[in-house]
Each structure stands twice: as structure tokens, then as C-alpha cells.
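See structure below.
The values are calculated or read from the model by the stated rules, or taken from the named source; none is laboratory data. Quantities reported herein were computed from a predicted structural model and do not represent experimental measurements. Please note: Cβ atoms are built from the backbone with ideal geometry, for glycine as well, and neighbour counts cover all protein chains shown.
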Amino acid sequence: MQGMDNKRLEGRYLCADLVRLDWFVRGESGEDNLRTEQVLLEDISPLGGCVQMDEPVEPGSTVMLTVGGTPFYGYIRYCVFRDDAYFVGLRFSNETIWSAVKVTPHHLTSLRQPYERAHPRN
């Protein structure tokens with residue numbers, strides 16, 4: 001399990017940035033309705049991220065996350081309610097992977113450094 005935790009931390013950064021999330025919700029009569037909400041970006045990596053928001057989003061929904069004017073397309077991996085908010089996991093498409101060269105969210109902190117300090121290699 002340690003290897004899996006280590007791999008999950010690879011390239012993952014904590015952040016605290018207000019960003020825009022757009023997604024479609026299927027209406028009662030079958031039409032797709034575009035929803036937009038300002039959400040809090042909690043963490044980000046090349047392959048995805050996690051946002052905190054006020055309402056749930058169905059896993060599998062197609063989304064566009066806009067960070068600093070840069071769009072990232074993908075889908076919802078999970079949505080869980082915790083601590084009075086929904087935490088929504090995103091998986092970015094291969095065409096719009098994130099890197100700090102493209103855009104740097106506010107308050108970006110690498111998770112790798114604290115992990116390595118807590119688990120030094122011998």
C-alpha cells in the first residue's frame with residue numbers, strides 16, 4: 001500500500017483557488033442543461049484534481065474546469081459529502097493535462113515534500 005500512496009502523491013499539489021466548473025445536468029424532459037459554479041480547487045495533478053462545492057455532481061458527468069482562464073476538460077470520478085460540502089474528484093482528458101507551466105493555481109503546495117519528510121528512505 002505504501003507504493004500506491006507514494007504514486008498517488010506524484011505530481012499532486014494542494015492549493016486553494018476559486019475556479020469555475022461547468023457541467024451538464026440532464027433535465028426531466030431529457031434535455032441537457034449547462035450548470036456553472038464557482039468552486040474551491042483543493043488539489044491538482046497532471047491527471048486531475050479535487051474541488052469543493054455546494055451541490056453534488058453525478059460521477060461520469062463531462063466537465064470543464066477553468067483555472068486562471070485555462071480550460072481543462074474531463075469527467076467526474078467521485079462525489080462525496082463531507083464537512084458541509086461536496087468534494088468532487090475530476091479526471092482530466094489526455095488532451096488537457098495540467099502542469100504548472102500552463103497555469104499555477106493560488107497557494108500551490110507540493111504533497112511530495114511533506115510525504116518524503118514523514119517517510120524518509122533508508
*Report yes if some residue within region 57-68 is surrounded by 14 or more Cβ atoms within 10 Å (Cβ to Cβ) and part of a loop (DSSP other than H, G, I, E, B); otherwise report no.*
yes
*asked:* Condition check: over 9 Å from the mean Cα position of the chain (by Cα) and either in a loop (DSSP other than H, G, I, E, B) or hydrophobic (A, V, I, L, M, F, W, C) (or both). Does L41 satisfy that?
replied: no
*Does Q38 satisfy being of a type in the set (S, T, N, Q) and surrounded by 16 or more Cβ atoms within 10 Å (Cβ to Cβ)?*
no
_Anything in region 69-85 that is exposed (fewer than 15 other Cβ atoms within 10 Å of the Cβ), farther than 14 Å from R20 by Cα and among the hydroxyl-bearing types (S, T, Y)? List them, or say none._
Y78
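Working carefully through the options V67, V80, V103, find the one that is without any contact (Cβ under 8 Å) to a residue 12 or more places away in the chain, of a type in the set (A, V, I, L, M) and touching a strand residue (DSSP E or B) at 6+ places or on another chain (Cβ under 7 Å).
V80
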*Subset of region 86-114 that is assigned to a strand (DSSP E or B) and within 15 Å of L21 (Cα to Cα) - its residue that is farthest from the chain's Cα centre (by Cα)*: Y86
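Let me confirm something: among R26, R91, R20, which residue is in contact with a strand residue (DSSP E or B) (Cβ under 8 Å, 6 or more places away or on another chain), among the charged types (D, E, K, R) and modelled with pLDDT under 95?
Values: R91 fails: modelled with pLDDT under 95; R20 fails: modelled with pLDDT under 95.
Within the list R26, R91, R20, the selection yields R26.
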*asked:* Looking at region 29-60 only, could you name the residues that are modelled with pLDDT under 95, under 30 Å from T109 (Cβ atoms) and polar (S, T, N, Q)?
replied: S45
*Among the residues of region 9-31, write down those that are surrounded by 12 or more Cβ atoms within 10 Å (Cβ to Cβ) and either of a type outside the set (A, V, I, L, M, F, W, C) or part of a loop (DSSP other than H, G, I, E, B) (or both).*
E10, G11, R12, Y13, D17, R20, D22
